[in-house]
Each structure stands twice: as C-alpha cells, then as structure tokens.
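Since the structure comes first, as structure tokens, the remarks are kept for the end.
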Amino acid sequence: MLSGRKISFHFLATCCLTAVFALPSCLMAESTHVVSPSDLQQSAVAASQLRQQNMEKVRAFLSTSTAEQAMKSAHMDATQVKNAIPNLSDQELAQLASRADRAQSQFAAGVLTNTDIALIVLGVVVIILIIVVAQ
C-alpha cells in the first residue's frame, strides 16, 4: 500500500508530465529566442550587400591611375591582385575598404601626396597577397 506522500508525489509528477506534453510547444517557448526566416534572409542580404560594397571600394581604390602605376612599378599584376579580392574574408574586406576610403578622402583633402597614396596602395596589395597565399 502506498503512503499519502508517495501518492501525492506520483499525482504531482503525473500532472506535470501531462501539462508538458499536452501544451503546445509554441506556448512554452519564448518568442525572443526565435529568429524568423525573413529576419535571417534580411540579415544574409545585408551582409552580402555590405561585402559587395567593400569589394567595390577596394577595387575602385586599386583601379586609380596612382594605384595602377604603383603596382606596375613594383612589378605586380594588377589583374591578379583584383582577382584575389573575393578571396578575402568579410572582416579583411571591411578593414581594407575603410583604409581605402580614408586614404582617398585624405588625398582629396590634400593631406596625402601621390607618393603617399602609392605606398598605401602597395601596402594594401601586399596585405591582399599575403592573405590569399596564407589561405
């Protein structure tokens, strides 16, 4: 014969298990932890667009006449360097795009000379080549 405590425990356990399995799981889950497919898609699209913008910034920077001349004088193939840009990670692209933007704005403001820009271009090219070779 079961004692009163054992019966109460069994009854309580049965009620809890029934409630867990009877209630829909969507009522028990917190909606703040669920990411909707549309949010995931929007995030992926935004990341893809940002990556594309950063690649275009780096390509545009390396396509300037100063950059072309700097790579030519250093005996580097500009096409090979530009073709290596997609191999960079998102973070690497973002850093190089930021540096390219900064260099172009400083050049436009007269802070940097053509020689300074050429040195920056060569630095960016070396970074791209090192990253691509390391992969």
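The set of residues in segment 120-135 being in a helix (DSSP H, G or I), touching a residue at least 24 places away in the same chain (Cβ under 8 Å) and of a type outside the set (Val, Ile, Thr) consists of LEU122, LEU129. Considered as a group, the residues in segment 50-79 that are of a type in the set (Asp, Glu) and in contact with a helix residue (DSSP H, G or I) (Cβ under 8 Å, 6 or more places away or on another chain) include one that is surrounded by the fewest Cβ atoms within 10 Å (Cβ to Cβ), and that residue is ASP77.
Do we find a residue being touching a Ser or Thr at 6+ places or on another chain (Cβ under 9 Å) and in contact (Cβ under 8 Å) with a residue 40 or more places away in the chain anywhere in segment 88-100? The answer is no; no qualifying residue exists. Just so you know, in segment 50-100 the residues that are of a type in the set (D, E, K, R) and within 12 Å of VAL124 (Cα to Cα) include one that is nearest to the chain's Cα centre (by Cα), and it is GLU92. Being closer than 27 Å to VAL45 by Cα, modelled with pLDDT under 90, part of a helix (DSSP H, G or I) and aliphatic (A, V, I, L, M) is the requirement here; does ILE117 meet it? So ILE117 does not fit the description; no. Against the test of being loosely packed, with under 12 Cβ neighbours inside 10 Å, of a type in the set (A, V, I, L, M, F, W, C) and at pLDDT 90 or above, the options ALA19, ALA29, ALA47 yield a single qualifying residue, ALA47. For residues in segment 101-118 being out of contact with any Ser or Thr (no Cβ under 8 Å at 6 or more places or on another chain) and surrounded by fewer than 14 Cβ atoms within 10 Å (Cβ to Cβ), which is farthest from SER73 (Cα to Cα)? Checking each candidate, the answer is ALA109. Within segment 51-64, restricting attention to residues that are of a type in the set (S, T, N, Q) and not in a loop (DSSP other than H, G, I, E, B), which residue is farthest from VAL133 (Cα to Cα)? The extreme case among them is GLN53.
The values are calculated or read from the model by the stated rules, or taken from the named source; none is laboratory data. Just so it is clear, the structure is predicted and the values come from calculations on it, not from any experiment. Note: ideal-geometry Cβ built from the backbone for every residue, glycine included; neighbour counts use all protein chains shown.
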